[in-house]
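We did not get these values from a lab; they are worked out from the coordinates using the rules stated. A quick note: this is a predicted structure, and the numbers were derived from the prediction, not measured. Note that each Cβ is placed from the backbone with ideal geometry, even for glycine, and that neighbours are counted across all protein chains shown.
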């Protein structure tokens with residue numbers, strides 16, 4: 001099990017799959033293995049938040065996780081494995097930056113979320129339609145430019161008007177917790193590691209207050 | 001003391017008569033929207049078009065540079081013969097294939113062109129040799145170049161800046177590969193990243209040799225760069241910086257030193273305070289844009305730790321103060337940067353990166369007026 005965990009931290013997807021095969025053949029429960037990998041990826045996310053891991057290491061770990069989850073998929077389905085929640089993510093209208101958003105999506109997938117990624121420069125109409133269709137547990141919005149911060153505010157307002165129960169997280173270089181509060185977003189996350197943590201908190205809050 | 005002397009003194013870590021001002025370079029200019037707003041604010045009955053198609057930036061006119069009190073003048077390369085800006089209107093926006101084969105799009109909701117297609121995203125090492133690389137010695141680059149530089153040099157009024165980033169070998173490399181793939185490869189396919197950076201670096205050095213042979217002798221400063229920082233940390237680890245980037249910065253500096261006496265300006269956005277000692281080590285003279293809102297980039301700290309060995313160029317916050325502040329906030333930011341960074345020279349002021357479309361014209365005028373008001377040496381005790 002330690003070797004599995006270390007393969008995620010090291011970003012070695014092939015090794016993760018090898019260890020998973022071994023552990024499954026030894027009778028380990030797939031959910032237990034998934035939880036172990038999630039735990040390792042969270043560790044990398046925390047190191048990333050603290051500035052002890054960088055984009056290449058974070059990407060590598062998240063990709064190794066993807067490979068591992070890909071291998072575990074069928075075992076989880078047969079054992080009734082389930083995503084912990086649905087997260088919809090988008091870069092706001094007018095903004096085409098996606099590296100930060102993609103990193104958040106990767107890490108959230110690695111943390112057990114089903115992620116619906118709407119892409120970049122997502123229009124308000126597309127966002128609202130997709131939200132209505134998908135009914136995610138959490139919506140994450142990203143912006144890199146100061147010129148698209150007003151679009152983030154508009155997106156939060158429109159979603160909240162149509163879906164007052166919506167839980168919205170925001171992030172991106174110029175975004176601050178003050179700005180998040182000012183535009184009515186529920187949470188701010190400064191990086192991908194923090195985003196995973198915050199999404200789990202929001203999910204827990206939601207499950208303890210279903211209405 | 002004229003503008004040229006002012007800039008040179010500051011870059012020699014001496015106190016000139018006032019803190020020099022810049023506007024007009026690759027990463028120190030202004031969006032065409034913001035520029036036209038200034039023209040309107042100043043009562044000028046005209047609008048200009050873009051100069052830099054990618055970022056939709058303006059090339060500020062001489063009249064406006066004089067009104068603002070800008071101490072620098074730029075020399076830009078001419079248009080390449082082998083490539084033309086030819087936007088193609090498609091369903092989702094205007095597409096441009098640049099001279100490197102990268103695809104860019106400007107959708108109806110975006111203010112400039114963004115990378116949409118990276119031609120080397122699936123490439124292997126072997127593909128690099130067959131790729132149709134652009135000609136770094138395109139004769140078009142020299143059109144008007146030496147004449148403009150020589151004229152500015154003879155006039156001896158303003159600091160002459162060579163705007164020769166050519167989008168830089170580092171930016172080119174990730175644009176060709178795609179940013180996410182590039183950084184993943186930095187962890188998993190290191191040999192490829194080395195080979196790709198070697199390609200873009202060697203082309204860049206050829207380009208520099210080409211343009212500096214024409215005008216190197218007239219320059220006071222040359223613009224180079226590559227973004228290595230995010231909001232909180234560097235994008236890559238210190239070890240990766242030292243393996244992938246520093247030796248290539250050394251080669252860049254080495255070539256420039258052979259061709260010109262100009263001071264070397266390096267642009268890198270973000271939280272790069274941990275890299276500045278390396279910049280100093282390789283011989284970079286000036287760091288830009290001094291992104292003061294990024295972690296570890298506080299003006300006071302940078303000046304204290306590195307101010308004796310490197311100059312700062314930029315410094316006026318564009319992530320909050322310029323777009324959302326009032327004139328009083330801009331003035332207060334200018335005073336702060338002057339107080340912390342101007343003592344002993346070593347400071348040229350402009351916005352942190354190009355002034356974006358959302359910056360009110362009053363704030364731009366206020367930035368330049370405030371430096372003229374508060375930037376005079378000896379520095380005021382009331383700063």
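Taking other Cβ atoms within 10 Å as a rough exposure proxy, B:244, A:124 sort from fewest to most as A:124, B:244. Judged by the mean number of other Cβ atoms found within 10 Å, the most tightly packed of the peptides B:332-342, A:26-36 leads the ranking B:332-342, A:26-36.
Grouping the Cα pair distances of the stretch A:1-146 into 10 Å bins from zero gives a pair-distance distribution of 12, 37, 32, 16, 3, 0 percent in increasing distance order.
Mean residue ellipticity at 222 nm from the helices of chain B, using -39,500 (n - 2.57) per DSSP H segment of n ≥ 4 over the full residue count, to the nearest 500 deg cm²/dmol?
Counting only the DSSP helices, I get -12000 deg cm²/dmol.
Against the main long axis of the alpha-carbon atoms of chain B, helix B:145-155 sits at an angle near 20°.
For the peptides B:180-187, B:12-19, B:81-88, B:23-30, the ranking by packing is B:23-30, B:180-187, B:12-19, B:81-88, with the highest mean count of neighbouring Cβ atoms within 10 Å listed first. Axis of helix B:327-341 versus longest Cα principal axis of chain B: the two differ by about 80°, to the nearest ten degrees.
Shape verdict for the stretch A:61-142, please, from the Cα gyration tensor: rounded (a/c under 1.5), prolate (a/b greater than b/c) or oblate. Judged from the Cα gyration tensor, the stretch A:61-142 comes out oblate (a/c at least 1.5, b/c at or above a/b). Mean per-residue shielding of peptide B:180-189 is 6, counting Cβ atoms of other chains within 10 Å of each Cβ. Each part reduced to its alpha carbon centroid, the stretch B:43-118 and the stretch B:241-308 end up 26 Å apart.
Dividing the Cα radius of gyration of the protein assembly as shown by its Kirkwood radius returns 0.98 for Rg/Rh. For the stretch A:85-208, rounded, prolate or oblate, judged on the Cα gyration tensor with a ≥ b ≥ c (square roots of eigenvalues), a/c < 1.5 rounded, else prolate if a/b > b/c? Judged from the Cα gyration tensor, the stretch A:85-208 comes out rounded (a/c under 1.5). Inter-label distance, residue B:376 to residue B:126: 7.0 nm, where each label sits 7 Å from its Cα along the C-beta direction. With respect to chain A, whose longest principal axis is taken over its alpha-carbon atoms, helix A:192-208 is tilted by about 80°. Let me know the shape class of the stretch A:1-40, please: from the alpha-carbon gyration tensor, a ≥ b ≥ c as square roots of the eigenvalues, rounded when a/c is under 1.5, otherwise prolate if a/b is greater than b/c, or oblate. It is oblate, given that a/c is not under 1.5 and a/b is not larger than b/c. Take the alpha-carbon centre of the stretch A:4-19, take the same for the stretch B:348-383, and report the distance between them in whole Å. Spelled out, the Cα-based centre of one part sits 52 Å from the other. The slack between residue B:45 and residue B:61, meaning 0.36 nm per residue of separation minus the straight C-alpha distance, is 4.4 nm. Counting only other chain Cβ atoms within 10 Å of each residue's Cβ, the peptide B:316-324 averages 3.
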